[in-house]
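A.B. asks: One structure follows; several queries about it will come next.
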Amino acid sequence: MQSKDNALNQSEFNELLNASRDGKDKLLVILSGALGLRAGEIAHLRVSWIDWQEQKINIPSREGDWSPKTKSSARSIPFKSMERAKVIIAHYFAINDSLGMSRIGVYKRVKRIAQRTKIQKKVTPHTLRATAAFMFAEAGLSAQALRQVMGWTKLETAEHSIIRSGRAAEREIEENKGKLWV
């Protein structure tokens with residue numbers, strides 16, 4: 001089963017966030033499960049990537065010997081509309097410059113947080129990334145906006161998330177309600 005099929009629902013996501021023992025745990029859950037960062041992006045995240053004025057994380061196209069997975073992965077991820085994310089990110093980076101973890105360390109820590117829950121699904125950073133995509137699709141993001149925020153190369157990847165959420169048809173029916181017969 002692919003991670004997109006394991007995407008957490010809202011209550012499972014909240015359970016995972018509540019199982020977080022410290023600021024780093026909470027930050028990992030928010031960065032992967034609410035903002036959709038990849039494990040490698042989280043591991044390399046620096047306070048310098050955060051635009052506090054605009055309240056967004058800017059994934060650079062290169063930093064030192066690190067570069068994102070694809071050219072499309074260099075992107076800006078806004079968090080100003082997410083109150084819990086703003087608080088958790090601000091609290092953590094008020095006293096830290098980075099997470100000080102490897103990609104594998106991110107993976108292992110997410111697994112440990114999940115073990116403290118009753119969630120029956122396999123929870124990995126990639127599962128949480130799928131959770132973020134599902135949340136954005138449920139919120140009504142267009143395929144183009146979803147592609148941009150998730151850093152996907154292909155628009156079809158975003159369209160699959162939107163179809164899975166069921167929001168595309170709902171949104172279009174609402175937009176065209178005046179044309180419906182009943």
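The values are calculated or read from the model by the stated rules, or taken from the named source; none is laboratory data. Computed from a predicted model, the values in this text were never measured in an experiment. Cβ atoms come from the backbone with ideal geometry, glycine included; neighbour counts cover every protein chain shown. Heads up: the accessible areas ignore ligands, DNA and RNA and are worked out on the full protein's heavy atoms, side chains in. Shrake-Rupley method; radii C 1.70, N 1.55, O 1.52, S 1.80 Å.
A.B. asks: Sort out the exposed loop trypsin sites (Lys or Arg not before Pro) in the chain (DSSP loop, at most 16 other Cβ within 10 Å) and tell me the longest stretch that has none.
C.D. replies: Values: sites that count: Arg21, Arg62, Lys69, Lys80, Arg116, Lys118, Lys122, Lys154.
Result for the longest clean stretch: 22-61.
A.B. asks: Semi-axes of the stretch 28-87's equivalent ellipsoid from the Cα gyration tensor, sqrt of 5 times each eigenvalue, largest first, rounded to whole Å?
C.D. replies: Details: eigenvalues 73, 31, 19 Å².
The answer is 19, 12, 10 Å, longest axis first.
A.B. asks: Can you spot the lysines whose alpha carbon is less than 25 Å from Lys122's alpha carbon? Ignore those fewer than 8 places along the same chain.
C.D. replies: Counting by Cα, and skipping residues close in sequence, Lys122 has these lysines nearby: Lys4, Lys24, Lys26, Lys69, Lys108, Lys111.
A.B. asks: Given charges of +1 on the Cβ of Lys and Arg and -1 on the Cβ of Asp and Glu, with all other atoms neutral, how large is the dipole of the stretch 51-143 about its Cα centre, in debye to the nearest 20? It would help to have the intermediate numbers written out before the result.
C.D. replies: On the way: 18 positive and 7 negative charges, 131 e Å.
Value, rounded to 20: 620 debye.
A.B. asks: Quick one: if the Förster radius is 45 Å, what FRET efficiency do Leu180 and Lys111 give, using the C-beta to C-beta distance and rounding to 0.05?
C.D. replies: On the way: r = 47 Å, r/R0 = 1.05.
Using R0 = 45 Å, I get an efficiency of 0.40.
A.B. asks: Could you compute how fast the stretch 66-124 diffuses translationally, taking Rh as the Kirkwood radius over C-alpha pairs and applying Stokes-Einstein at 10 °C with viscosity 1.306 mPa s? Give it in µm² per second.
C.D. replies: It diffuses with D of about 111 µm²/s by this estimate.
A.B. asks: Can I ask one more? Helix-derived [θ] at 222 nm for the chain: sum -39500 (n - 2.57) over DSSP H runs of at least 4, divide by residue count, nearest 500? Show your work: numbers first, answer last.
C.D. replies: Details: 9 runs with 94 residues, N = 182.
The helix contribution divided over the chain gives -15500 deg cm²/dmol.
A.B. asks: What accessible area per residue, rounded to a whole number of Å², is obtained for the stretch 112-162 using a probe radius of 1.4 Å? List each step's numbers first, then the result.
C.D. replies: On the way: 2520 Å² over 51 residues.
Here the per-residue accessible area is 49 Å².
A.B. asks: OK, next. How large is the Kirkwood hydrodynamic radius of the chain, in angstrom, based on all distinct alpha carbon pairs? Don't skip to the answer; put the middle values down first.
C.D. replies: Numbers: mean 1/r = 0.0591 Å⁻¹.
That comes to 16.9 Å for the chain.
A.B. asks: Could you state the accessible area per residue of the stretch 1-105 in Å², with a 1.4 Å probe and every protein chain left in place? Before the final figure, lay out the partial values.
C.D. replies: On the way: 5460 Å² over 105 residues.
Ligands and nucleic acids excluded, the result is 52 Å² per residue.
A.B. asks: Do you know the relative contact order of the stretch 21-123, to the nearest whole percent, from alpha carbon pairs under 8 angstrom that are 6+ apart? Mind showing how you got there, number by number?
C.D. replies: Values: 111 pairs, mean separation 35.1, N = 103.
Relative CO of the stretch 21-123 lands at 34 percent.
A.B. asks: What is the mean projected area of the alpha carbon convex hull for the stretch 1-54, to one decimal in square nanometres?
C.D. replies: On the way: hull surface 19.4 nm².
Result: 4.8 nm².
A.B. asks: Ok, one more. Express in Å², to the nearest 10, the accessible area of Ile173 obtained by rolling a 1.4 Å probe over the protein heavy atoms while all chains stay in place.
C.D. replies: For Ile173, solvent-accessible area is about 100 Å².
A.B. asks: To the nearest 10 degrees, how steeply does helix 155-165 sit against the main Cα axis of the chain, on a 0 to 90 scale?
C.D. replies: That helix lies at roughly 70 degrees to the long axis.
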